[in-house]
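Q: One structure, as structure tokens, below. Some questions next.
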Amino acid sequence: MAPAFLAIDEVAKSFAGVSAVDGVTLAIERGEIFALLGPSGCGKSTLLRMIAGFEAPDAGRIVLDGEDLGPLPPYRRPVNMMFQSYALFPHMTVAGNIAFGLKQEGLPAPAIGRRVAEMLRLVRLEGLAERRPHQLSGGQRQRVALARALAKRPKLVLLDEPLAALDRKLREETQFELLAIHRRLGTTFVIVTHDQDEAMTLAHRLAVMDRGRVVQVGPPREVYEHPATRFVATFIGTANLLDGRVTDAAGGVMRVESAAAAAELSVLHDGAVPPGAAVSVAVRPEKLRLGNGMENTLTGEVEELAFRGDATLCRVRLSSGVPVTLSLPNRERTGAFLPRPGERTRLGFAAADAVLLTS
Amino acid sequence: MTSARRLGPFNLAALAAGFALLYLPILALAVYSFNDGRMVAVWSGWSLRWYRSLIDNRLMLDSARVTLAAGAVSATLALVAGTAAALVLARAGRFLGRSAFAGLVYVPLVMPEVIIGISLLLLFVQLDLDRGFPTLVVAHASFSAAFVTVVVHSRLVTVDRSIEEAALDLGSPPAKTFFLVTVPMIAPAMAAAWLLAFTLSLDDLVIASFATGPGATTLPMRVYSQVRLGVTPEINAISTLFIAAVAGVVALASLVNKGLLFGRK
């Protein structure tokens, strides 16, 4: 296999004896948008700071396009970063901020002027070149920070929580804008975020991190539909976890005796799991349906309904006492199809729509 | 500011008493500097004669020159040393002996001036240095550096570290980043710190008496030695000028640090 564009190899870092990043290995391809996703304190920011050169790994190597970044200080790396706080230079204009990196490169003034103009067009801030950062809105500052990080045409752009400081509406617009800019430039992006929506909409692939380790790597859909562990299943989206023991495995279908579901469940599963093993059956809220006639049928009592516009979340307490959440798409305007709180109901899911988790 | 609340009679009286205690002596001193008579405490009409006689007083003028020069040079040295110390305290993170270093930097703030003066005198004698303008400057720089550190450090800790990291990230080496990014952001504090160090040097009598030699007598020293021979209204005149200068510099420093001059942001 050809070496990856950005190869992170067994990288570890601890602060005062506390491990922040614990043996992370990742291969990121050229032109990819790759997201490091995890709860705060999972080590994703430390990893990003090691790629940028602000922290030195205790062990392992980071190789970008065949070049070991280890001995290079941050100001010699072909890597630029967009900071979470944007970190714009308050005493410089928008144009001055974007030109800063180009000046360090020693580019002649006319070339700098052209590149700055090009960047301002790219992020649609043409009229604001002479403004100071404090005269800009949050969204405009975010775009200046992006333009500044892109101006030197780095091999790799690091984005630390790029949308975290924006309000919801602006966030959605900016997501698409960021994707369009990436498509135009083709630069490799590594994004750090704790927000699963941000990671899933932006990234081609993402790595889910927990306590300094990478738990799972894959395209958003694969990670969402095939979570490897209970942590991934509950961190990315929501999942109903029904604990039980494997009783029988035949022809790719696992039979799981689940006290939580008060039923024997069947789940499609490829790997081999020995009978008697403790497992969880994970079912996403939108995979659960009301009614009869599915491969797995449960019974319970409707407790709460929460209207969310596109869907209604429905909380059902199973006869075992375990609560589960269903997401019911609002396909009709009347809502007449919805159950009422206190109503007894049957619900179920297909064997192919659940995931068997062993860890 | 809570300007909406009205000042009650009690508060007003307290304020007046406080101000009177602080400034009545100074006011008297200033008023009597315009006294025509020779007697310090007897009013005999307005006049500028003591200011005129000041202009002809070579010794006083020489001392004023020494004081201003020592203030400017020592403030500049203190700015460099104090900013370096502030940078270490704010940016170097944890290192062995950090608390000891911080403690040592701030010692001159609480140390009695006499002690500083004697220790500097002993040092200069030990090093076999002739005392004069250079030793005066070194002495003033060494104690006012602590004040510079306090002012610059308090500003430096409010500067977002990632702004400096952004400069590094964009290809600017650390020293260049300091001058291109950090200094402009802490410039108001540095200006205020320089002005503070300048006033401290201007005001100082005790340390200067130990640290300087015959060739470089500062204004406070000159005034003090003349007062021992009897107070003339000329002393009032020079003191009034002095107070005006110091007040002016302090006001300037406060304006600069508040960002009202050389607009911050």
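Q: Can you name the condition, by its number, that A:Ala27 falls short on among (1) touching a Gly at 6+ places or on another chain (Cβ under 9 Å); (2) assigned to a strand (DSSP E or B); (3) open to solvent by 30 Å² or more (accessible area, probe 1.4 Å)?
A: (1)
Q: So which residues in the stretch B:145-172 are within 11 Å of another protein chain (Cβ to nearest Cβ) and open to solvent by less than 50 Å² (accessible area, probe 1.4 Å)?
A: Listed by number, the residues that qualify are B:Val159, B:Ser162, B:Ile163, B:Glu164, B:Glu165, B:Ala166, B:Ala167, B:Leu168, B:Asp169, B:Leu170, B:Gly171, B:Ser172.
Q: Picking from A:Leu357, A:Leu338, which residue would you name as being hydrophobic (A, V, I, L, M, F, W, C), surrounded by 15 or more Cβ atoms within 10 Å (Cβ to Cβ) and in contact with a helix residue (DSSP H, G or I) (Cβ under 9 Å, 6 or more places away or on another chain)?
A: A:Leu357
Q: Still on this structure, please answer the following. Filter the stretch B:173-186 for residues that are farther than 28 Å from B:Gly248 by Cα and facing chain A (nearest Cβ under 7 Å); which is surrounded by the fewest Cβ atoms within 10 Å (Cβ to Cβ)?
A: If we take residues in the stretch B:173-186 being farther than 28 Å from B:Gly248 by Cα and facing chain A (nearest Cβ under 7 Å), then B:Pro173 is surrounded by the fewest Cβ atoms within 10 Å (Cβ to Cβ).
Q: Would you please list the contacts, defined by Cβ atoms under 8 Å and residues six or more apart or on different chains, that run from a residue in the stretch B:57-85 that is among the charged types (D, E, K, R) to a residue that is open to solvent by less than 40 Å² (accessible area, probe 1.4 Å)?
A: Every condition considered, the pairs that remain are B:Asp62/B:Thr217.
Q: Scan (1) closer than 23 Å to A:Ala233 by Cα; (2) facing chain B (nearest Cβ under 9 Å) for the single condition A:Ala35 breaks and write down its number.
A: The failed condition is (2).
Q: Kindly evaluate A:Pro90 against the criterion of being at pLDDT below 95, open to solvent by 10 Å² or more (accessible area, probe 1.4 Å) and more than 14 Å from chain B (Cβ to nearest Cβ).
A: So A:Pro90 does not fit the description; no.
Q: Of the residues B:Ala216, B:Ala189, which single one is in a helix (DSSP H, G or I) and either open to solvent by less than 10 Å² (accessible area, probe 1.4 Å) or within 14 Å of chain A (Cβ to nearest Cβ) (or both)?
A: Among B:Ala216, B:Ala189, only B:Ala189 is in a helix (DSSP H, G or I) and either open to solvent by less than 10 Å² (accessible area, probe 1.4 Å) or within 14 Å of chain A (Cβ to nearest Cβ) (or both).
Q: Which numbered condition in (1) within 23 Å of A:His226 (Cα to Cα); (2) free of Cβ contacts under 8 Å to residues at least 12 places away in the same chain is the only one that A:Val256 fails?
A: It is condition (2) that A:Val256 fails.
Q: In the stretch A:304-335, how many are among the basic types (Lys, Arg) and surrounded by fewer than 14 Cβ atoms within 10 Å (Cβ to Cβ)?
A: Residues in the stretch A:304-335 being among the basic types (Lys, Arg) and surrounded by fewer than 14 Cβ atoms within 10 Å (Cβ to Cβ): 3 in total.
Q: Right, here's the next one. Quick check: anything in the stretch A:308-315 hydroxyl-bearing (Ser, Thr, Tyr) and at pLDDT below 90?
A: no
Q: Do any residues in the stretch B:189-202 that are closer than 14 Å to B:His153 by Cα have Cβ atoms under 6 Å from those of residues that are modelled with pLDDT of 90 or more and of a type in the set (Gly, Ala, Ser), where the two are at least six apart or on different chains, and which pairs are they?
A: B:Trp194/B:Ala75
Q: Please indicate, with yes or no, whether at least one residue in the stretch A:201-218 is within 30 Å of A:Leu120 (Cα to Cα), open to solvent by 50 Å² or more (accessible area, probe 1.4 Å) and assigned to a strand (DSSP E or B).
A: The answer is yes, given that some residue of the stretch A:201-218 is within 30 Å of A:Leu120 (Cα to Cα), open to solvent by 50 Å² or more (accessible area, probe 1.4 Å) and assigned to a strand (DSSP E or B).
Q: Under 7 Å between Cβ atoms, which residue pairs at least 6 apart in sequence (or on different chains) link something in the stretch A:73-85 that is facing chain B (nearest Cβ under 8 Å) and assigned to a helix (DSSP H, G or I) with a partner that is open to solvent by 20 Å² or more (accessible area, probe 1.4 Å) and of a type in the set (A, V, I, L, M)?
A: Within 7 Å, the pairs are A:Pro74/B:Leu168; A:Tyr75/B:Leu168.
Q: Let me ask something else. How many of the residues making up the stretch B:89-114 are over 19 Å from the mean Cα position of the chain (by Cα), part of a helix (DSSP H, G or I) and surrounded by fewer than 17 Cβ atoms within 10 Å (Cβ to Cβ)?
A: Looking only at that region, the number is 8.
Q: Answer yes or no: is there a residue in the stretch A:101-111 that is within 12 Å of another protein chain (Cβ to nearest Cβ) and surrounded by 21 or more Cβ atoms within 10 Å (Cβ to Cβ).
A: Yes, the conditions are met somewhere in the stretch A:101-111.
Q: When the residues of the stretch A:113-151 are narrowed to those that are open to solvent by 40 Å² or more (accessible area, probe 1.4 Å) and outside any helix (DSSP H, G or I), which ends up nearest to the other protein chains (Cβ to nearest Cβ)?
A: Among residues in the stretch A:113-151 that are open to solvent by 40 Å² or more (accessible area, probe 1.4 Å) and outside any helix (DSSP H, G or I), the one nearest to the other protein chains (Cβ to nearest Cβ) is A:Arg132.
Q: Checking the condition closer than 22 Å to B:His140 by Cβ, open to solvent by 30 Å² or more (accessible area, probe 1.4 Å), touching a His at 6+ places or on another chain (Cβ under 8 Å) and part of a helix (DSSP H, G or I), which residue from B:Leu196, B:Leu200 passes?
A: The conditions single out B:Leu200.
Q: Which of the residues belonging to the stretch B:58-75 are more than 15 Å from B:Pro220 (Cβ to Cβ) and in contact with a helix residue (DSSP H, G or I) (Cβ under 7 Å, 6 or more places away or on another chain)?
A: Within the stretch B:58-75, B:Ala72, B:Val73, B:Ala75 meet the criteria.
Q: Something else now. Would the stretch B:116-133 turn up any residue that is aromatic (Phe, Trp, Tyr), without any contact (Cβ under 8 Å) to a residue 60 or more places away in the chain and open to solvent by less than 70 Å² (accessible area, probe 1.4 Å)?
A: Scanning the stretch B:116-133, I find no residue that is aromatic (Phe, Trp, Tyr), without any contact (Cβ under 8 Å) to a residue 60 or more places away in the chain and open to solvent by less than 70 Å² (accessible area, probe 1.4 Å), so the answer is no.
Q: For A:Gly41, indicate whether it is surrounded by fewer than 22 Cβ atoms within 10 Å (Cβ to Cβ), part of a loop (DSSP other than H, G, I, E, B) and away from chain B (no Cβ under 14 Å).
A: Answer is yes for this residue.
Q: Might you let me know whether the stretch A:20-30 holds any residue that is within 21 Å of the chain's Cα centre (by Cα), hydroxyl-bearing (Ser, Thr, Tyr) and more than 14 Å from chain B (Cβ to nearest Cβ)?
A: Yes, that holds for at least one residue.
Q: Would you confirm whether or not the stretch A:295-303 contains a residue that is more than 23 Å from A:Arg255 (Cβ to Cβ), at pLDDT below 90 and either open to solvent by 50 Å² or more (accessible area, probe 1.4 Å) or touching a helix residue (DSSP H, G or I) at 6+ places or on another chain (Cβ under 9 Å) (or both)?
A: Within the stretch A:295-303, not a single residue is more than 23 Å from A:Arg255 (Cβ to Cβ), at pLDDT below 90 and either open to solvent by 50 Å² or more (accessible area, probe 1.4 Å) or touching a helix residue (DSSP H, G or I) at 6+ places or on another chain (Cβ under 9 Å) (or both).
Q: If we keep just the residues of the stretch B:207-220 that are modelled with pLDDT of 90 or more and among the aliphatic types (A, V, I, L, M), which is farthest from B:Asp130 (Cα to Cα)?
A: Here the answer is B:Ile207.
The values are calculated or read from the model by the stated rules, or taken from the named source; none is laboratory data. All figures in this text were calculated on a predicted structure; none of them were measured in a lab. With ideal geometry, Cβ positions are generated from the backbone for all residues, glycine too; neighbour counts draw on all protein chains shown. Surface areas here come from the heavy atoms of the whole protein model, side chains and all, with no ligands, DNA or RNA. Shrake-Rupley method; radii C 1.70, N 1.55, O 1.52, S 1.80 Å.
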